[in-house]
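*Asks:* Below is the structure I would like to discuss, written out as structure tokens.
The values are calculated or read from the model by the stated rules, or taken from the named source; none is laboratory data. Just so it is clear, the structure is predicted and the values come from calculations on it, not from any experiment. Quick reminder, even Gly has a Cβ in these numbers, built from the backbone with ideal geometry, and neighbours come from all protein chains shown. Each accessible area value is taken on the protein alone, full model and side chains, heavy atoms only, with ligands, DNA and RNA left out. Shrake-Rupley method; radii C 1.70, N 1.55, O 1.52, S 1.80 Å.
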Amino acid sequence: MNWICLLVDAEQEVDIVRNNDDFDFCDIDRHNDDCDFDFCEDDCEYNNGYDRRRIGDYDRRNGGDCDDYDSRRRDRDCDHDDCESHRRNRDCDCEERCGRETDRCGCHDHDDCRCHDREDGCCHENNHDNGCCERTARCSDFRDFNEDERFGCNSAYDAAQSEDSWFDHREDDDCCGRTRELCEEERNFKRKLKCRIQVLDFALLETILFLDTHPCDFEALRYYRIIRKKLARLEKLYECKFGPLTNQGVDTEFGWEWATCPWPWEGKE
Amino acid sequence: MWTYEKKLQFPVNIKKCDPEMARLILTALGGPDGEMGASNRYLHQRYAMPYPQIVVLLTDIGSEEMNHMEVVSAIVRQLTRNLSSKQIQDSGFNAFYTDHTLGMYPVSASGDPFMSHYFQSKGDPITDIHENMAAEQKARTMYENLIRMTDDDDVIRPLEFLRQREIVHYQRFGEALEIIRRELDCKNYYAFNPAYDKKASLEDRGLESK
């Protein structure tokens, strides 16, 4: 594992996002009022007969989108400071959710709150008998822990050395590598959740294809944002509860689940 | 670059095995109007497409066709679960089984392995979009034919979904054709070839290119 650690050792992400004094990211804020780029003006030569109004105008007229989608920045009725989003968000209601101090919340903006509790709200009962909010490793605020933890280089958990063999996990599909079998209720919930994700995923894809040939249909753009946000939430919940949906969504606390949880063609959806 | 998601675009839960039907459905994967040809067609046409608004459509639909490949493979896989020797011998699946056992392999209903002859990438926007629209209609007919071959609802449901997607894609490619037409001389849609290589042509004739 050591060579991987070497490759990713330097905190280059931090350098780029946080410690670059010479460069002000607010200068390239694409949503800034001062920016005179109107993305619809140039690109809406084709819209298959649809309205060519600017999306921003539509949002403003309709009272803004603060509650509906994640881009508070674009909405002037929202008092969201764009530059603030690189830092911690004081409005984050993490405390209420997890009963922890707000400043432990590492969220970078309101809608992508990654406080311990929202993550751990999907607590893994199997491993945490005493409830949620145990883990810190998922917190996106990586200043909270050291390099080794970040990349799992010295992780105590090693899938290959766990009690059950790799092939045992494969047999026990629904357990997804967990030590306990999911009860029927949980299976149903899993099925329902997966189905809902598929529905939203389909709605999103259908909207994407429509937008490809109707790029300035503001209602479709709005619908896209709403669906995308709902989908992201459910996908996060699913990965928390039942295992990864992509190979970037693996909760390493349970080992390399990407290899062990069931494949979609096995008829368990 | 693509990312794999561990879910089907449409759920497939087939309880009853049917090796004969599996053999026919394989054509939706690697047949002349199958998803493998569709995906390859759109994803390869992208590079020479001069209009970015159509490149994006080819990318998105080409990627969706990869989802469809997986849905079709899931149907075939589940239709051939736990087969007895007798079931294999008695069904039309025996020839496929001889060559591939239960491995997934893209062949047409008549047994031809997948060929890239099934699709074209001509480097001309109008030609390619016409090809795509025709392909979507051919695939729709193929799914309708497949639906006629079975009365198992578990199989029909995903096939109907795939059929509907062909119709939506046809609609989107139709709109893409409208977009291309708008770029052309409105009095001469088809006489003017938007992908004609003017530079090479002028040089061939000894004329100076612009």
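*Asks:* State, as an integer percentage, the relative contact order of segment B:1-125 based on alpha-carbon contacts under 8 Å between residues 6 or more apart.
*Replies:* 42 percent.
*Asks:* Further, regarding this structure: Interface size between chain A and chain B, please: total buried accessible area, 1.4 Å probe, rounded to the nearest 100 Å².
*Replies:* By this definition, chains A and B bury close to 2700 Å².
*Asks:* Please list A:K190, B:K15, B:K86 from largest to smallest accessible area, probe radius 1.4 Å, with all protein chains kept in place.
*Replies:* So, going from the largest accessible area down, we get B:K15, B:K86, A:K190.
*Asks:* Next question. What average count of beta carbons from other chains do you get within 10 Å of the Cβ of residues in B:129-142?
*Replies:* Shielding by partners across B:129-142 averages 0.
*Asks:* When the Karplus curve 6.51 cos²θ - 1.76 cosθ + 1.60 is applied with θ = phi - 60°, which whole-Hz ³J(HN,Hα) does each residue of segment B:12-21 get, with x for Gly and Pro?
*Replies:* 10, 9, 9, 8, 9, 7, 7, x, 4, 5
*Asks:* Further question on the same structure: Over chain B, what is the relative contact order in whole percent, taking alpha-carbon pairs under 8 Å and six or more residues apart?
*Replies:* 27
*Asks:* Across the residues of B:7-17, average count of Cβ atoms on other protein chains within 10 Å?
*Replies:* Going residue by residue through B:7-17 and averaging, the value is 4.
*Asks:* Another question, if that's okay. So what is the relative contact order for segment A:222-269, in percent, with contacts set as C-alpha pairs under 8 Å and at least six apart?
*Replies:* 21
*Asks:* Moving on. Report, as an integer, the average count of C-beta atoms from other chains found within 10 Å of each Cβ along A:202-209.
*Replies:* 4
*Asks:* Are there residues in segment B:160-176 whose accessible area shrinks by at least 30 Å² when all protein chains are included rather than the chain by itself, and which are they (probe 1.4 Å, ligands and nucleic acids not counted)?
*Replies:* The answer is B:R165, B:R172, B:E175 - residues whose exposure falls by at least 30 Å² when every protein chain is included.
*Asks:* Then there's this: Can you give me the solvent accessible area of B:D99 with a 1.4 Å probe, rounded to the nearest 10 Å²?
*Replies:* Here the accessible area works out near 120 Å².
*Asks:* Once you put a point 7 Å from the Cα of B:I167 and another 7 Å from the Cα of B:D99, both along the Cβ direction, what distance in nm separates them?
*Replies:* 3.4
*Asks:* Can you give me the solvent accessible area of A:W256 with a 1.4 Å probe, rounded to the nearest 10 Å²?
*Replies:* 130
*Asks:* Once both axes come from the Cα atoms, what is the angle between helix B:125-148 and the longest principal axis of chain B, in degrees from 0 to 90, rounded to 10?
*Replies:* Helix B:125-148 sits at roughly 20 degrees to that axis.
*Asks:* May I pose another question? For segment A:220-267, which whole-number percentage of the solvent-accessible area (1.4 Å probe, protein heavy atoms only) is attributable to carbon and sulfur atoms?
*Replies:* 56
*Asks:* In whole Hz and in residue order, list the ³J(HN,Hα) couplings for segment A:218-226 that follow from phi through the Karplus curve 6.51 cos²θ - 1.76 cosθ + 1.60, θ = phi - 60°; x for Gly and Pro.
*Replies:* Whole-Hz 3J(HN,Hα) from phi for segment A:218-226: 5, 5, 5, 5, 5, 4, 4, 5, 5.
*Asks:* Can you classify chain B as rounded, prolate or oblate using the Cα gyration tensor, where a ≥ b ≥ c are the square roots of its eigenvalues, rounded means a/c under 1.5, and otherwise it's prolate if a/b beats b/c and oblate if not?
*Replies:* Prolate, because a/c is 1.5 or more and a/b exceeds b/c.
*Asks:* Counting only pairs 8 or more residues apart or on different chains, how many lysine pairs in chain B have their Cα atoms under 22 Å apart?
*Replies:* 11
*Asks:* Using a 1.4 Å probe on the heavy atoms of the protein chains only, list every residue of segment A:220-269 that has 30 Å² or more less accessible area in the complete assembly than in its chain alone.
*Replies:* A:L245, A:T246, A:W258, A:P264, A:W265, A:G267, A:E269
*Asks:* With every protein chain present, what accessible area does B:R140 have (1.4 Å probe, heavy atoms only), rounded to the nearest 10 Å²?
*Replies:* We get 60 Å² for B:R140.
*Asks:* As an exercise, use a Förster radius of 25 Å and the Cβ-Cβ distance of A:E219 and B:S116 to find the FRET efficiency, rounded to the nearest 0.05.
*Replies:* 0.05
*Asks:* Work out from phi, with θ = phi - 60° and the Karplus expression 6.51 cos²θ - 1.76 cosθ + 1.60, the ³J(HN,Hα) of each residue of segment B:151-159, listed in order in whole Hz, and give x for Gly and Pro.
*Replies:* 10, 8, 4, 4, 8, 5, 4, x, 5
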